[in-house]
Amino acid sequence: MFQIKTFNAIAPEGLQRLEEANYAINQSEQPEGILLRSQKLHDYDFPESVLGVARAGAGTNNIPVEACTEKGIVVFNTPGANANAVKELVVASLLLSVRPIIQGAQWVQTLSGHNVEEQAEANKSQFAGTELEGKKLGIIGLGSIGAMVANDAYRLGMEVVGYDPYVSVDTAWTISRRVKRANDIAEVFSTCDFITVHVPLMENTRGLIGAAEISKMKPTTKIFNFSRKEIVDTDAILQALQENRLAGYTTDFADEQLLHNEKVLVLPHLGASTEEAEVNCAKMAARTLKKFLEFGTIKRSVNFPTVEMAFRSPYRITIINRNVPNMLGQISSIIAESGINIDNMLNRGRDDYAYTLVDVDSEDKDLLQALAGKLRDNENIIRVRVIQNQEAGY
């Protein structure tokens, strides 16, 4: 029985993936797994029992990832599960940036009298806008969301150019061949009428768009930020807007400095706020955590490598260790000294840490637990688990 602790409301469709026969939800303060959405865990005292944390969402800034890594806690996210929701909001915001739809609708509500229709017709010119067709959209970051925005913007008749030096092969296949790839981010800054960013917040993306980047843009350019607040320099945006060196800014992250500015549209972090996105994220988070707890496999982790291997032996040993030389040799030697044969083995490293799956032919649980204790005695091994293969009937 695995104990799971949830923070925030997790969609029932996700929790249903954790069947009652094997999982207890919020019944213990010593959980093996944690499911959450936006709850900040930086001040949370993680019990030693915690093996994995799964966030129903893409960003993990609310989780102390580095501290979790040092404790051997695997952190998962759900990239792509809310991509369609964010994409639709970006497309809607593009339309709102060229057509004063909100302003027009609010103005109509102020009308009165029997000739409302005539008043609207006579004054509608004050809400005339422009069209997206034929305009150039620059997309920085061609992950799940960026790729979907690129394809839909092209279908709207826009010229689309994308920049992402790290785009995956899988994502590349989903992008229309009519979307131009920029070799230099400066091309996006200098040539595009609209620029939208879809990159994760990291040290090299913090302040990605600042004063220097804005100085390369046309004064008619409009910027859209649906990634993370810190990726765009707010002070630089406001100064450029005031000096008419930028035409507009739309962001999904509330900031007091940006309020009450007619050139700025601030949304209350609505990107993934759809029923469908919350369900998709919850399902993916629960499924990923379930596979990790039951089989030891890692997929969609932000701090450990992807490690998946068919489980056909009676038991599996999982090992999290520091990525130092000869660790595989040490692990193999300790197992051999215990008189246990290795059926299959897979090791992957990521930065300073590594993860190893070892399938063994022994069915002696006591012997395997003793082996786990010997492995833990190694100063470079952080966490060891012994997992019984339930599916094979052992």
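The values are calculated or read from the model by the stated rules, or taken from the named source; none is laboratory data. Because the structure is a prediction, the values reported are computed rather than measured. Glycine also receives a Cβ, built like all others from the backbone with ideal geometry; neighbour counts cover every protein chain displayed. Keep in mind that these areas ignore ligands, DNA and RNA; they rest on the heavy atoms of the full protein, side chains included. Shrake-Rupley method; radii C 1.70, N 1.55, O 1.52, S 1.80 Å.
Note on the range 1-45: residues that are closer than 20 Å to residue 296 by Cα, in contact with a Pro (Cβ under 9 Å, 6 or more places away or on another chain) and of a type in the set (Phe, Trp, Tyr) total 1. Within the range 77-87, not a single residue is assigned to a helix (DSSP H, G or I), surrounded by fewer than 16 Cβ atoms within 10 Å (Cβ to Cβ) and modelled with pLDDT of 95 or more. Within the range 256-270, does at least one residue satisfy the condition of being of a type in the set (Val, Ile, Thr) and over 19 Å from the mean Cα position of the chain (by Cα)? Yes, the range 256-270 contains a residue that is of a type in the set (Val, Ile, Thr) and over 19 Å from the mean Cα position of the chain (by Cα).
Residue count for the range 237-257 under the criterion of being crowded, with 19+ Cβ neighbours inside 10 Å and over 17 Å from residue 191 (Cβ atoms): the result is 9.
So which of 48, 32 ends up being within 20 Å of residue 355 (Cα to Cα), surrounded by fewer than 18 Cβ atoms within 10 Å (Cβ to Cβ) and not small (Gly, Ala, Ser)?
Exactly one of 48, 32 is within 20 Å of residue 355 (Cα to Cα), surrounded by fewer than 18 Cβ atoms within 10 Å (Cβ to Cβ) and not small (Gly, Ala, Ser), namely 48.
Comparison of 386, 358 shows that the only residue that is touching a residue at least 60 places away in the same chain (Cβ under 8 Å), closer than 19 Å to residue 51 by Cβ and open to solvent by less than 70 Å² (accessible area, probe 1.4 Å) is 386.
Is there a residue in the range 92-115 that is under 26 Å from residue 78 (Cα atoms) and surrounded by 20 or more Cβ atoms within 10 Å (Cβ to Cβ)? Checked the range 92-115: at least one residue is under 26 Å from residue 78 (Cα atoms) and surrounded by 20 or more Cβ atoms within 10 Å (Cβ to Cβ).
Scan the range 88-109 for residues that are in a helix (DSSP H, G or I), closer than 18 Å to residue 135 by Cα and not small (Gly, Ala, Ser) and report the count.
6
Among the residues of the range 190-225, the ones that are under 22 Å from residue 158 (Cα atoms), open to solvent by 20 Å² or more (accessible area, probe 1.4 Å) and either touching a residue at least 60 places away in the same chain (Cβ under 8 Å) or in a loop (DSSP other than H, G, I, E, B) (or both) come to 8 in all.
Residue by residue, here is whether (1) at negative phi; (2) part of a loop (DSSP other than H, G, I, E, B); (3) touching a helix residue (DSSP H, G or I) at 6+ places or on another chain (Cβ under 7 Å) holds:
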{"site": "245", "(1), (2), (3)": "yes, yes, yes"}
{"site": "257", "(1), (2), (3)": "yes, no, yes"}
{"site": "284", "(1), (2), (3)": "yes, no, no"}
{"site": "290", "(1), (2), (3)": "yes, no, no"}
{"site": "294", "(1), (2), (3)": "yes, no, no"}
{"site": "330", "(1), (2), (3)": "yes, no, no"}
{"site": "335", "(1), (2), (3)": "yes, no, yes"}
{"site": "345", "(1), (2), (3)": "yes, no, no"}
{"site": "348", "(1), (2), (3)": "yes, no, no"}
